[in-house]
1. I'd like the antiparallel share, as a percent to the nearest 5, of DSSP beta bridges with both residues in the protein assembly as shown.
2. Rg and Dmax of chain B, using alpha carbons, in Å: what are they?
3. Could you pull the Cα extents of the protein assembly as shown along its three principal axes, largest to smallest, in whole Å?
4. Expressed as a whole number of Å, what is the distance separating the alpha-carbon centroids of the range B:133-153 and the range B:177-213?
5. Where Lys and Arg each count +1 and Asp and Glu each count -1, what net charge lies around B:Leu550 among other residues with Cβ under 10 Å from its Cβ?
6. Mind jotting down the distance between the C-alpha centroids of the range B:298-356 and the range A:23-85, whole Å?
7. Going by Cα centres, the range A:136-200 and the range B:362-436 are how many Å apart?
8. What is the Cα convex hull volume of the range B:415-490 when expressed per residue in Å³?
Amino acid sequence: MAGERTITLEVQRFHPEADEAPYLQPYTIPFSEGTSVLEGLQHIKDRLDGSLTFRWSCRMAVCGSCGCMIDGEPALACRAFLRDYAPGPVRVAPLDHLPIRRDLVVDQSDFLAKLERARTYLIPADERTPADGAYRQTPEEMADYYDYAQCINCLLCYAACPQYGWDQAFTGPAVLALVQRYDLDSRDAGKDARRAVVNADTGVWGCTLVGYCSEVCPKGVDPARAINQRKPASVADYLLGWLRPSGGEGTP
Amino acid sequence: MTERSVDSDLVIVGGGGAGLRAAIAAAEADPGLRIALLSKVVPMRSHTVAAEGGAAGVARADDSLAGHFTDTVAGGDWLCDQDVVERFVAACPEEMVRLEQWGCPWSRQADGRPQVRFFGGMTTQRSWYAADKTGFHLLHTLFQTTLRYPGIERYDEYYCADLLVDDGEACGVLALEIASGEPVRFSAPAVILATGGAGRAYGQNTNAGIVTGEGMAMAYAHGVPLRDMEFVQWHPTTLPGSGILITEGCRGEGGVLTNREGRRYLQDYGLGPPEPWPRPKAMELGPRDWLSQAFWREDQAGRTVPTAQGAAVQLDLRQLGEARILERLPLITDVARRFAGVDPLHAPIPVRPAVHYTMGGIPTDAEGAAPLAGLFAAGECASTGIHGANRLGSNSLAELLVFGRAAGEAAARRAREAGRRRHARAAAQLAEAAARPALAMLRNERGERVAALRDALHATMERHVGIFRNQAGLEQACADLAELRERYRRGVRLDDRSRIYNTEWLSALELGHTLQVAEAMACSARARLESRGAHRRDDAYSERDDERFLVHTLAHARGEAAPALEHAPVTITRAAPQRRAYGAAAEAAGGEGA
């Protein structure tokens with residue numbers, strides 16, 4: 001089309017059976033004011049090179065599938081727009097710190113395993129049934145945890161976290177924020193069950209307060225705040241553990 | 001030979017709301033069950049995540065189950081199976097409370113009780129909501145709750161390629177592990193399909209890319225008819241071009257729609273008068289079929305607003321005020337700013353209809369059982385009979401909870417009674433046969449690109465099976481789809497022939513299923529010679545015809561040929577068909593849905 005703007009995407013490619021190391025492949029594509037980076041990738045896949053591999057689904061920044069590094073910053077491809085990278089080229093690579101499965105597809109299994117270990121689900125004090133009715137929870141009580149409940153598990157914060165880059169044993173921003181989401185919920189009584197994950201060296205104490213996780217979060221979750229909010233309680237647990245013969249069990 | 005296999009008691013295909021709710025129900029009903037939960041995406045990526053506005057369940061003292069029943073049946077233009085609607089509305093409130101007890105952050109009243117909001121076609125506030133991220137919170141709550149049950153074994157990023165059916169009984173599925181591209185056979189005496197709708201048969205839709213209809217198509221190919229496929233819902237308020245959803249909750253909170261002249265045009269379509277506002281079952285809180293049809297007429301009359309992405313009308317939230325918009329509609333605010341370049345605090349959002357929901361699907365009874373032993377379906381892929389010809393907003397999230405649970409419990413009983421391994425030998429052979437066509441596609445040397453066929457599909461469906469249809473267009477659509485299926489059979493050529501994360505291959509497999517579902521939609525529409533709900537014609541059949549068409553449509557697959565169609569009775573228990581009325585007409589009749 002006449003007068004159409006174009007931009008070059010330099011996309012990182014890697015096929016585990018064919019490539020020894022990742023490399024960049026340039027693709028030049030048309031774009032308009034509203035074209036997202038994801039739509040750029042889709043254009044390439046549909047029209048130019050069907051082998052380019054990436055995850056996507058909702059294309060409205062809520063499913064968390066399409067996280068990648070765009071010009072070195074973790075971002076959701078559907079929520080980043082090519083106009084902001086013009087005249088280009090713009091570099092698109094898989095999320096940092098996560099094993100690459102193919103092209104832009106990373107391995108999410110470490111995150112999922114940590115989520116399970118951390119028991120990020122409501123653990124009630126008593127087995128309530130629907131016949132007992134809904135819990136009462138005021139808007140003020142909800143505000144304690146609500147921001148942390150906005151996590152879409154997109155893993156941008158893991159790509160941003162230098163600590164996770166050094167040591168993958170670190171539980172990491174999103175899982176710790178989700179632990180805090182349940183620990184702060186007035187309906188929950190599972191803090192003890194999650195304590196070991198939080199207090200471990202790989203828990204809140206693994207965080208070195210860089211805060212980049214919170215900057216890149218597309219949902220304003222602020223995992224850095226969640227983690228640091230939790231450190232005083234973790235200190236108290238530690239000290240009480242010294243005072244108790246049983247060593248750290250029970251509720252402080 | 002398919003090398004890998006997993007023997008379970010129950011296989012669930014789909015990790016969205018319905019699949020997760022079914023898994024939890026089965027695990028609770030029978031903790032000893034081995035439940036294989038397959039999903040082509042990690043469950044929290046499922047399309048349930050994108051639902052925004054709410055989930056219906058009677059909550060207020062001034063509301064009643066009869067009210068929810070009547071609104072649903074009238075909203076469905078009397079094509080609902082009323083016995084199932086009765087069970088549905090009775091089960092909704094308990095499901096909402098259960099979700100609450102699992103941690104769902106429902107929006108609250110000042111005293112701590114859950115809050116409910118208005119939704120289109122509902123007589124009073126009965127839609128439970130979590131700001132405008134109801135589906136997101138519901139899905140994450142369900143997903144996180146599944147982590148408590150050791151019996152639920154997740155197979156994330158497994159694409160279900162086919163059902164295994166032996167001797168008239170479902171006995172498992174053949175899946176492809178996406179990471180390796182390897183076929184894996186899952187055997188079980190009970191299979192639940194929770195694979196979602198087929199909105200991606202259309203180009204402009206609110207659906208995630210994964211909503212490609214393969215669960216419906218697989219059941220269909222194995223002899224299960226698809227029911228009421230002509231009823232496709234257009235959501236009236238989506239972003240032009242992308243089709244990104246702008247929730248009905250905007251109107252529930254008091255947003256208004258205006259045309260190019262600034263007029264609240266819905267008053268000209270039997271939904272007025274405009275004031276007082278907001279009020280239930282009037283104006284912008286009319287049902288989705290009427291609102292989408294009104295847009296189409298405004299566009300024909302030249303009263304829409306042109307945008308770079310096509311015609312639109314204006315959704316104005318400004319009168320809500322900043323605090324209410326940011327509290328109740330934060331996702332919409334971000335989406336409008338980011339994706340439309342409009343700040344809803346200061347300007348109206350341009351919106352237009354786009355395909356949103358597949359009312360039809362795999363027919364089931366109230367327990368989720370399909371007409372094939374061992375097969376169950378829940379959620380959007382199912383046709384339980386509650387939506388009729390037009391689904392009311394917020395009934396689908398409620399549906400996936402109510403019928404996800406019912407299907408999970410019924411499938412758990414079936415699993416225990418039937419026992420494992422009955423079909424073991426046959427299943428292995430069936431799996432091998434099922435894998436063959438998928439693997440053969442990797443070797444095609446000739447054919448068309450996936451995108452070329454998909455674009456042609458979208459063009460046909462948008463043009464001929466749209467908000468308004470007519471006989472000539474539907475004939476053309478059926479012919480086009482037969483030809484597209486033939487082109488697909490002749491060959492799809494892939495750039496990518498490898499196995500590992502071959503997403504081009506997966507989209508080619510999905511497309512084959514979508515084409516077949518689209519053909520069922522078009523042919524079912526062609527056979528319905530009346531207008532009802534979302535099936536609206538602008539030819540000789542522009543009126544509802546209860547004499548001939550107060551019936552379900554059943555499309556039976558016939559291999560490469562077009563489907564065979566038959567009609568089947570609708571169950572009516574207590575609400576005899578009446579003329580649908582909203583706005584002043586409904587208010588004159590006493591507001592009881594008549």
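No value in this document is a laboratory result; all are computed from the given coordinates. From a predicted model like this one, the values you see are computed outputs, not experimental measurements. Heads up, the Cβs are rebuilt from the backbone with ideal geometry, glycines too, and the neighbour counts pull from every protein chain shown.
1. Among the beta bridges of the protein assembly as shown, antiparallel pairing accounts for roughly 70 percent.
2. Over chain B's Cα set, Rg and Dmax evaluate to 22.7, 69 Å.
3. That gives 82, 67, 65 Å along the principal axes, largest extent first.
4. Here the answer is 19 Å between Cα centres.
5. For residues surrounding B:Leu550, the net value is -2.
6. 24 Å
7. First find each Cα centre; the distance between them is then 35 Å.
8. Numbers: hull volume 13.0 nm³, N = 76.
Enclosed volume per residue, from the Cα hull, is 171 Å³.
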